[in-house]
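The values are calculated or read from the model by the stated rules, or taken from the named source; none is laboratory data. Keep in mind that what you see is a predicted model, and the values were worked out from it rather than measured. We place every Cβ from the backbone using ideal geometry, glycine too, and count neighbours over all the protein chains shown.
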Amino acid sequence: MTTNLKNAYEMLTKVNSSLEKNRVQVEELRQQMQLLQAIDRKPLLENMNKIVLEQRRLVVVREIIRRQLNSIRNNHIDKLILSNKSNVNEDAHQTGNIENEKDAGKCLKELLEYAVLQQNYRATALLTKAQNAFRDENID
């Protein structure tokens, strides 16, 4: 799963980079067209048309990648939820209470994984601090 996410993010970065390059090219062509007279504009318009068509294709590719990323994240979250149901202490699961330090550590770990998957950086930082404090407390 991590490899799929990494590959998808790399593809998304490449697509965004290509879109930015195309945007710059279109802007340069527009500036050139403003300087040239109507007779000389035809090759520039053809180039601009090609670039705009490529931009449209890249936007579609970007949306497909984003949908795949969301699908991968959702599948991973579903797997985590299903695995957590079987791993959590039965009493803690039924009552909703955390019975011991091990249950608390598992809950923190699962919350941290979920925050990372959701790309919630603030929650990730806070949960990491809480997990470190919990670990430090258990070491002493």
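Remarks
- The residue that is modelled with the highest pLDDT, counting only those in the range 1-59 that are of a type in the set (Gly, Ala, Ser) and either closer than 27 Å to residue 76 by Cβ or exposed (fewer than 12 other Cβ atoms within 10 Å of the Cβ) (or both), is 17.
- Residue match in the range 121-131 (condition: at pLDDT 75 or above, over 30 Å from residue 22 (Cβ atoms) and aromatic (Phe, Trp, Tyr)): no
- Counted residues, the range 86-115 - those being at pLDDT 60 or above and assigned to a helix (DSSP H, G or I): 15
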